[in-house]
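**Student:** Could you have a look at this structure, given as structure tokens, before my questions?
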């Protein structure tokens, strides 16, 4: 071994060997730059600011963020974000998930956002009431428009086992609200033995659980549909300056890229209260999710995304660099196809202001994506399902045909995604051992 060979060089050679053996295209120069940068990040400040764009985030997260799509994400951010209210509400909006990893996620799924909302109030009860009003006002103000449609809002937890539209919801599980229910501030359901009950919005304010809003967005510049979500992490700031998470847990910031430099003060204030062992807890939660996605109904694509985050945050840079390359492979475009089929389904089930011809254009785009990504029998099979999907969109009896076509198309697509990631993950001994260990735990 040459003394001039650096540690990143050693790791890179192993990655190249594995990639070549498995037919994964790898940009050697880019991989080396990333390995060098992430090794250096260990010794630097854990939060960095891009002075040119104003975005900021954890050092490791910023390595995977590309500003090329920044204006697109800021444009959608205007829809999903909550507004500050002087001396009452202060916010910090961030990208999360694949949207925050735009440098490597060539074919991202949804546009996921994460927003810290700090509410200043005399009591916790007052802060909860303010939050309930904020979410309701936001939902009603963004329920429908020329380029967007609100699908659901997660707010509150079922106070007891509840039957709703034929489905059993256990005590403590999140409640999903439709626009008309939010407007009425209530919905009707039953107990398991059939007794009628009313679940009220205001009653849920003190037991809000985790809060999330989901929209479908039709981007006119891209000519593309996407799901846009905003997950809220809400804190109450008491008059003495004490910070209390309303759901009992202050989320860490290891996978977020914040969109505005103006958010630095509130982010910095809240970050001081993140637990000292937050990274270890975050990794544990990711490993639980990996275990879930490797279970009876596996989704190796989602498992791979979480493994990448685990590897890059725990110093397993060789494995991280290899998984990083997988997201740039043409077959991973099917992950986006799988997500967009769900988006089309959301619009079909709850027709709103999204024009029907956009659904048809989106389906045509899915077919083109598959043709570009695959070849041979796999391409023909997926295209056949998508053509049936498009035919169902055009048909008069769409309701009768739609569910079956969607279920079949998504199942076929996710099967190909699973096969792709399973083969390439388990073919690397270190990653295969990791998967085996996680599944045993």
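What follows draws every value from the coordinates through simple rules; no lab data is involved. Everything quoted here is computed from the prediction, not taken from an experiment. FYI the Cβ positions are ideal-geometry reconstructions off the backbone, even for glycines, and counts take in every protein chain you see.
**Student:** In Å and on Cα atoms, what radius of gyration and Dmax does segment 153-285 show?
**Tutor:** 18.4, 53
**Student:** If you don't mind, another one. Shape call for segment 18-125 from the C-alpha gyration tensor, a ≥ b ≥ c root eigenvalues: rounded (a/c under 1.5), prolate (a/b greater than b/c) or oblate?
**Tutor:** Working: a/c = 2.73, a/b = 1.96, b/c = 1.39.
Prolate shape, in that a/c is at least 1.5 and a/b is the bigger ratio.
**Student:** Further question: Would you mind calculating the relative contact order of segment 278-380 from Cα pairs under 8 angstrom and at least 6 residues apart, reporting the percent as a whole number?
**Tutor:** Details: 54 pairs, mean separation 20.0, N = 103.
It rounds to 19 percent for segment 278-380.
**Student:** If each DSSP helix of 4+ residues adds -39,500 (n - 2.57) and the sum is divided by the residues in the chain, what number results at 222 nm, nearest 500 deg cm²/dmol? Please list the in-between numbers first.
**Tutor:** Details: 16 runs with 216 residues, N = 441.
-15500 deg cm²/dmol, from helical runs alone.
**Student:** Something else: Taking a point 7 angstrom from the Cα of residue 426 along the C-beta vector, which residues in segment 369-387 have backbone N less than 12 Å away?
**Tutor:** The answer is none, because no backbone nitrogen lies closer than 12 Å to the label point.
**Student:** Return the FRET efficiency for the residue pair residue 404, residue 240: r is the Cβ-Cβ distance, R0 is 56 Å, and the value is rounded to the nearest 0.05. Working shown, then result.
**Tutor:** Details: r = 59 Å, r/R0 = 1.05.
Efficiency, rounded to the nearest 0.05: 0.45.
**Student:** Semi-axes of the equivalent ellipsoid of segment 165-227: what are they in whole Å, largest first, if each equals the square root of 5 times a C-alpha gyration tensor eigenvalue?
**Tutor:** Values: eigenvalues 178, 38, 29 Å².
Listed largest to smallest, the semi-axes of segment 165-227 are 30, 14, 12 Å.
**Student:** Taking a label point 7 Å from the Cα of residue 380 along the Cα→Cβ vector, which residues of segment 330-367 have an amide N closer than 19 Å to it?
**Tutor:** 367
**Student:** A further question follows. Take residue 249 and residue 141, extend 7 Å from each Cα along the Cα→Cβ direction, and tell me the distance between the two endpoints in nm.
**Tutor:** For residue 249 paired with residue 141, the spin-label model returns 3.0 nm.
**Student:** For the peptides 154-160, 280-286, what is the packing order when you average, over each peptide's residues, the other Cβ atoms within 10 Å and list the highest mean first?
**Tutor:** On the way: 154-160: 19.3, 280-286: 15.3.
So the peptides 154-160, 280-286, ranked by packing, come out 154-160, 280-286.
**Student:** Same structure again: Can you tell me what share of the DSSP beta bridges in segment 110-243 is antiparallel? A percent to the nearest 5 is fine.
**Tutor:** Working: 30 of 40 bridges.
Taking every DSSP beta bridge with both residues in segment 110-243, the antiparallel ones total about 75 percent.
**Student:** I would also like to ask the following. Counting other beta carbons within 10 Å of each Cβ, put 386, 32 in order, fewest first. Can you show the working numbers first?
**Tutor:** Details: 386 24, 32 17.
So the ranking, lowest neighbour count to highest, is 32, 386.
**Student:** How far is it, in nm, from the label point at residue 289 to the one at residue 264 when both lie 7 Å from their Cα along the line to the Cβ?
**Tutor:** It works out to 2.8 nm between the two label points.
**Student:** Over segment 125-246, what is the relative contact order in whole percent, taking alpha-carbon pairs under 8 Å and six or more residues apart? List each step's numbers first, then the result.
**Tutor:** Values: 213 pairs, mean separation 30.7, N = 122.
It comes to 25 percent, rounded to a whole number.
**Student:** Percent of alpha carbon pairs in segment 47-274 separated by more than 27 Å? List each step's numbers first, then the result.
**Tutor:** Details: 9638 of 25878 pairs.
Cα-Cα pairs of segment 47-274 separated by over 27 Å account for 37 percent.
**Student:** For 387, 168, which order do you get if you count the other beta carbons within 10 Å of each Cβ and list the fewest first?
**Tutor:** Numbers: 387 14, 168 11.
Ordered from fewest to most neighbouring Cβ atoms within 10 Å, 387, 168 come out as 168, 387.
**Student:** Another question, then. Highest first, please rank the peptides 93-103, 205-215, 112-122 by the mean number of other Cβ atoms sitting within 10 Å of their residues. Write down the numbers at each step before the final one.
**Tutor:** Numbers: 93-103: 23.4, 205-215: 19.7, 112-122: 21.6.
The packing order, highest mean first, is 93-103, 112-122, 205-215.
**Student:** In nm, what is the difference between 0.36 nm times the number of residues separating residue 364 and residue 206 and their Cα-Cα distance?
**Tutor:** Details: separation 158, 0.36 × 158 = 56.88 nm, distance 4.57 nm.
Taking residue 364 through residue 206 to full extension adds about 52.3 nm, to one decimal.
**Student:** Just to confirm my numbers, what's the Cα centroid distance between segment 265-315 and segment 112-176 in Å?
**Tutor:** Cα centroid of segment 265-315 versus Cα centroid of segment 112-176: 24 Å apart.
**Student:** Counting only C-alpha contacts under 8 Å and six or more residues apart, can you give the relative contact order of segment 47-274 as a whole percent?
**Tutor:** 27
**Student:** Please arrange 231, 163 by how many other C-beta atoms lie within 10 Å of their C-beta, fewest to most. Walk me through the intermediate numbers first.
**Tutor:** Numbers: 231 19, 163 16.
By the 10 Å Cβ count, ascending, the order reads 163, 231.
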